[in-house]
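Some notes on the structure that comes next.
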Amino acid sequence: MTSSRESTLPEVTEALLKRHLALVGEILSDHVVGDSGAKLIATWTQGRLVASLVGTEDEYAERHRGPGKTPVVQTLLLGQGLCAWIGYHEVWNSARPAGKTKRFSFHSAGLTVHFGYRYNQYKPQMFRAEWTTDGTSYQPGDPANPHWHLDALESLRHDDAAKRASGILATLRREEDETEPRDFSPPVNRNEVRDVVSVQRLSKLHLASAAAWWKGDSASHVRSPTSVRDIQAWVKGTLDHLAGELGRLSTHP
């Protein structure tokens with residue numbers, strides 16, 4: 001059994017979009033440590049409206065995708081001074097106006113999770129939750145939406161790991177290509193395995209965060225929001241789930 005994705009989110013007016021972004025900002029604020037608060041600030045970038053999470057006590061972290069840094073706010077104290085931080089971006093395309101009314105179409109929403117210390121620029125991105133749409137019909141084999149990405153492996157990898165891994169893999173390939181049998185293969189130690197594994201692009205995987213495969217629907221992992229309420233519910237549900245899961249890492253009682 002297969003099915004196409006749900007209908008694409010209809011275009012929204014500028015007034016509705018402003019209300020939606022304000023509500024998402026309130027949802028995000030509920031998961032910010034302390035009284036700093038947070039809100040979404042919208043800017044125009046290459047013809048798109050990009051709303052980003054900012055707070056009165058935000059800091060910046062390196063983005064795993066895209067140039068530059070992203071503002072992040074504390075969401076949970078993990079213990080020993082280590083904190084979990086979140087960043088959020090929502091992107092809307094400018095659609096053809098209906099008369100004098102500006103209209104927008106949904107493009108993507110992304111929530112990133114970073115670990116790091118306050119006042120320290122090094123806050124590696126651990127994973128991210130995303131929901132994207134290109135306005136076309138999804139197929140069963142397409143990447144899942146909404147989905148998770150695993151970024152920790154690439155964020156924590158040493159700068160010279162790729163070069164070392166390349167040398168290790170070249171040696172192993174030469175061993176495979178040799179016509180003369182060998183009595184033994186060169187040992188691959190723990191550090192070499194770590195280097196080879198660390199250069200794998202696991203962040204390219206789209207791990208479904210909403211699917212009903214047990215119902216026999218092979219395309220249930222690819223869907224689009226049908227209203228701004230869907231996006232709001234997804235943000236709230238994702239944050240609530242993260243709060244519980246990240247709490248498992250906390251050393252606090």
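Could you list, in their original order, any pairs among Lys18/Lys100; Lys69/Lys236; Lys18/Lys102; Lys39/Lys100; Lys123/Lys236 whose Cα atoms are separated by more than 19 Å?
From the list (Lys18/Lys100; Lys69/Lys236; Lys18/Lys102; Lys39/Lys100; Lys123/Lys236), the Cα-Cα distance tops 19 Å for Lys69/Lys236; Lys39/Lys100; Lys123/Lys236.
Work out from phi, with θ = phi - 60° and the Karplus expression 6.51 cos²θ - 1.76 cosθ + 1.60, the ³J(HN,Hα) of each residue of region 102-107, listed in order in whole Hz, and give x for Gly and Pro.
Listing the rounded values in order: 6, 10, 9, 10, 5, 10 Hz.
Work out, step by step, the length gained on full extension between Asp217 and Ala22: first 0.36 nm times the residue separation, then minus their alpha carbon distance; give nm to one decimal.
Here the answer is 66.7 nm.
Can you give the convex hull volume per residue for the Cα atoms of region 212-253, as a whole number of Å³?
Here the figure is 101 Å³ per residue.
So how do Tyr60, Tyr122 line up by other beta-carbon neighbours within 10 Å, fewest first?
So the residues, fewest neighbours to most, are Tyr122, Tyr60.
Name the long-range amide H neighbours of Asn145: under 5 Å, sequence gap of 5 or more, or other chain; modelled H, no Pro or chain starts.
Sorted by chain and number, the residues that satisfy this are Val222, Arg223.
Taken together, the values in this text are just the output of simple stated rules run on the coordinates, not laboratory data. None of these values were measured; they are calculated from a predicted model. Heads up, the Cβs are rebuilt from the backbone with ideal geometry, glycines too, and the neighbour counts pull from every protein chain shown.
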